[in-house]
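Handing you a structure now.
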Amino acid sequence: MELKIACIAGDGIGPEIVREARKVLDKIAECYDHEIKYTDILMGGASIDVHGVPLTKEAVAAAEAADAVLMGSIGGDASVSPWYKLPPNLRPEAGLLGIRKALNLFANLRPAVLYSELSGACPLKTEISGKGFDMLIMRELTGGLYFGERKTVEENGIRKAVDTLVYDENEIRRIAVKGFDIAKKRKKKVTSVDKANVLDSSRLWRSVVEEVAKGYPDVTLEHMLVDNCAMQLVKDPAQFDVILTENMFGDILSDEASMVTGSIGMLASASLNDTKFGLYEPSHGSAPDIAGKDIANPIATILSAAMMLRYSFDLDKEADAVETAVKEALKEGYRTADIMSEGCRKVSCTKMGDLLVEKICK
């Protein structure tokens, strides 16, 4: 199978972690008889340095011509970087927002996995963390409160701000379909999160999700109010498989879920459109303070590459091989600096990539 992958190394530690992910993908291609064609794209600060803008039309066109995009990280240290003296629309992060919009990436996937070997980093009680958890938060990314009409006015000498939360049934249906499709590849359970006891938009959300669920008789659906979900994430995270929710709720809940894992360097993410196309990136930032030191943790990017194999190419066996390699390396006690603990073996970014390559198709 030919895999056309656009690569955005980006800024900070981006080039280092993307390099290791590509090594793993190349090993997968070798073992499973695939051919990978990479196209390198500049975005963020790297693009500003060359082109004066964080995202060019040519970069968007190159991304559109690929089957999927693998990205490292975007941005720098706002206190010292000249990039942040530019207008907001010309700063590095504007490139990420621009490519998401250009590629219609409306579905954001944020896995939150607690590996047993890293349970000590979890801030929850041992009786909770001991169960482990493996959930995925499916967040609608291009609608809702963040994209609705907004204004600030003054009435009778009093300032008033208005933000509008709008969803139509088609926006809800397409993210729900994505959620149920992905649940079929996992534990076949969807928890749809809303505020249907208060908001009309949530009542429509719940209605449309129930309509979509009828087409997936093998997937269990439950509804949960967002305030209860926030509590359940710290009370019993093991109960969740796929959490399906709207933009603002997903923004908040995915950050909460990432923190209960205790290790953001392990967390992958994906943003998908209405085809199998997606942009895959780690959840962490560019960490400019450690860039070039070969101490970054590449695992989140490598797990993002595994998500790409699974969701954009339907290569579940290959994705399983990558994820199994990560689990084996952790079980054997290999750690990068950010997840190092007593009794383990600290390795560099490059060495971690090499170890994972060795464990694939061994």
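The values are calculated or read from the model by the stated rules, or taken from the named source; none is laboratory data. These numbers come from a predicted model, not from an experiment. Because the Cβ atoms are built from the backbone with ideal geometry, glycine has one as well, and the counts that use them run over all protein chains shown. Quick note on the areas: whole protein, heavy atoms, side chains included, nothing else; ligands and nucleic acids left out. Shrake-Rupley method; radii C 1.70, N 1.55, O 1.52, S 1.80 Å.
Pop the C-beta distance of Lys331 and Lys160 into the FRET formula with R0 = 41 Å and round what comes out to the nearest 0.05. Write out the running numbers ahead of the final one.
Values: r = 57 Å, r/R0 = 1.38.
My answer for the efficiency is 0.15.
Return the distance in nm (one decimal) between the two label points of a simple spin-label model at Asp134 and Ala29, each offset 7 Å from Cα along Cα→Cβ.
Placing both labels 7 Å along Cα→Cβ, they lie 2.8 nm apart.
Then there's this: If the elastic network links every pair of Cα atoms under 10 Å, which of Glu140, Glu154, Glu93 fluctuates the most in the Gaussian network model of the chain?
Glu154
I would also like to ask the following. How much length, in nm to one decimal, is gained on full extension between Ile252 and Lys351, taken as 0.36 nm per residue of separation minus their Cα-Cα distance? Please report the intermediate quantities before stating the final value.
Details: separation 99, 0.36 × 99 = 35.64 nm, distance 3.42 nm.
That pair, Ile252 and Lys351, stretches by 32.2 nm at full extension.
Still on this structure, I have one more. How large is ³J(HN,Hα), in whole Hz, for each residue of segment 346-352 in order, when computed from phi with the Karplus curve 6.51 cos²θ - 1.76 cosθ + 1.60 and θ = phi - 60°, using x for Gly and Pro?
Using θ = phi - 60°, the values come out as 7, 10, 7, 4, 4, 5, 4 Hz.
Quick check: residue separation of Met1 and Met340 times 0.36 nm, minus the Cα distance between them. What number comes out in nm?
Numbers: separation 339, 0.36 × 339 = 122.04 nm, distance 3.76 nm.
Residue separation times 0.36 nm, minus the Cα-Cα distance, leaves 118.3 nm.
Now for a separate question. What's the FRET efficiency of Glu169 with Val198 using the Cβ-Cβ distance as r and R₀ = 25 Å, to the nearest 0.05? Write down the numbers at each step before the final one.
On the way: r = 19 Å, r/R0 = 0.77.
The computed FRET efficiency comes out at 0.85.
Restricting attention to the chain, give the cysteines that have no other cysteine Cβ less than 4.7 angstrom from their Cβ.
Cysteines of the chain left without a disulfide-compatible partner: Cys7, Cys122, Cys229, Cys344, Cys349.
Take the cross-link list Lys27/Lys351; Lys293/Lys346; Lys188/Lys317; Lys23/Lys351; Lys4/Lys187 and give me the ones stretching past 20 Å between alpha-carbons.
Lys4/Lys187
Still on this structure: For Asp218 and Thr152 in one chain, what is 0.36 nm times their gap in residues minus the Cα-Cα distance, to one decimal in nm?
Details: separation 66, 0.36 × 66 = 23.76 nm, distance 4.70 nm.
Working it through step by step, the gained length comes to 19.1 nm.
Now, a different point. Kindly provide the pair-distance distribution of segment 1-154 built from C-alpha pairs, with 5 Å bins from 0 and whole-percent values in order of increasing distance.
Spelled out per bin, shortest first, that is 2, 8, 12, 14, 15, 16, 13, 10, 6, 2, 1, 0, 0.
Here is a follow-up. Given Cβ point charges of +1 (Lys, Arg) and -1 (Asp, Glu) and nothing else, what value in debye, to the nearest 20, does the dipole of segment 148-211 about its Cα centre take? Intermediate results must be reported in sequence, preceding the final value.
Values: 16 positive and 12 negative charges, 140 e Å.
In total the dipole reaches around 680 debye.
Here is a follow-up. Just how far, in whole angstrom, is segment 21-46 from segment 269-332 if you go by their alpha carbon centroids?
Answer, in whole Å: 12.
Would you check the accessible area of Arg110, probe 1.4 Å, heavy atoms only, in square angstrom rounded to 10?
Answer for Arg110: close to 40 Å² accessible.
Can you compute the modelled spin-label distance between Glu93 and Asp181, with each label point 7 Å from Cα toward Cβ, in nm?
Inter-label distance under the simple model: 3.0 nm.
How big is the charge dipole of the chain about its Cα centre, in debye rounded to the nearest 20, if each Lys and Arg gets +1 on its Cβ and each Asp and Glu gets -1 on its Cβ?
On the way: 45 positive and 55 negative charges, 59 e Å.
So the magnitude is around 280 debye.
Using the Karplus equation 6.51 cos²θ - 1.76 cosθ + 1.60 (θ = phi - 60°), what ³J(HN,Hα) coupling, rounded to whole Hz, does each residue of segment 237-252 give in order, writing x for Gly and Pro?
After applying 6.51 cos²θ - 1.76 cosθ + 1.60, I find x, 5, 6, 9, 10, 10, 9, 10, 7, 7, 4, 5, 4, x, 4, 6 Hz.
Also, I was wondering about something else. Check which residues have an amide H placed less than 5 Å from Thr220's amide H, if you skip close sequence neighbours.
Those lying under 5 Å, H to H, from Thr220 are Lys189, Val190.
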